[in-house]
Structures are given as C-alpha cells and as structure tokens.
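Q: Got a structure for you, questions after.
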Amino acid sequence: MIGNIKNFKEFPLRQMGEESYRLRTIDTVDTMGGKTSQTEDEIEVRVIFANITAKDLKIHEMGLAVPGDMKLYFDAEQDIIEGDTLLRGNVKWHVDKIVSQYAGMYSVALLKNMSLSGSE
C-alpha cells in the first residue's frame, strides 16, 4: 500500500514499486506518411498498481473506471503514456487515461484489464 503523499516524498516510487514491463507499438512511416512497419518496444518499469476503492468515488462518478480496473502510480522517468500496455505477470493492462500529475513527483493513470475487456 502506498499510503499518502508524504510516503512518496520519503520513499522514491522506484523503491516502493514493483517490476512490470511497458509495451508500446511503434509505427515506421515512409516520407509520404504511409505506415511501412510496426514493432513492439518493451522496457522494464517500476510502478505501483493499486485497486480502485470506494474512496475513489469521483473516478467512478466520472465514468472513468469500472470494477476490475486499477490505478497506476509512476514517475516521469518511466515514460508511460496513454495507450501503452503494461504487462504484470501474465496480465496485460491498457493505460486508458492519465488522470493526475503531482508536481513532477508522480502521475496517476487508470488501467483497464485487457483480458476483461476482451481485447488482447
């Protein structure tokens, strides 16, 4: 459990986080803008996965999250953007929306479980 913002200041996110892999599809385009190939980039990241709880009522009310979704805490050095896929064990998670950023310390994103949404 991550605790509060004070914990983030005292313990760097990378020390508290767990190992995961960020997958990103990269398109190669020709001079006319046509896609010529597609590769998948995979790098190791350290992030914190957290359940969406009743305290996250605002997220639920906005329609951004449903049961089975997760929150993700990460720092800017992890280079995670909307649309990326995170691999946690055997489960793929889609970075659906980055919902907040805190003064360069860390960001929070909403994740959709790709196996629950039917898109693998």
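Q: Order of VAL91, VAL108 from fewest to most other C-beta atoms within 10 Å? Let's see the in-between values first.
A: Numbers: VAL91 14, VAL108 17.
The most exposed by this proxy come first: VAL91, VAL108.
Q: Given a Förster distance of 25 Å, report the FRET efficiency between ASP27 and ILE98 from their Cβ-Cβ distance, rounded to the nearest 0.05.
A: Values: r = 21 Å, r/R0 = 0.85.
Working from the Cβ atoms, E equals 0.75.
Since every read-out is calculated from the coordinates, none of them should be taken as a lab result. Keep in mind that what you see is a predicted model, and the values were worked out from it rather than measured. Using ideal geometry, Cβ is built from the backbone for each residue, glycine included, and neighbour counts are taken over all protein chains shown.
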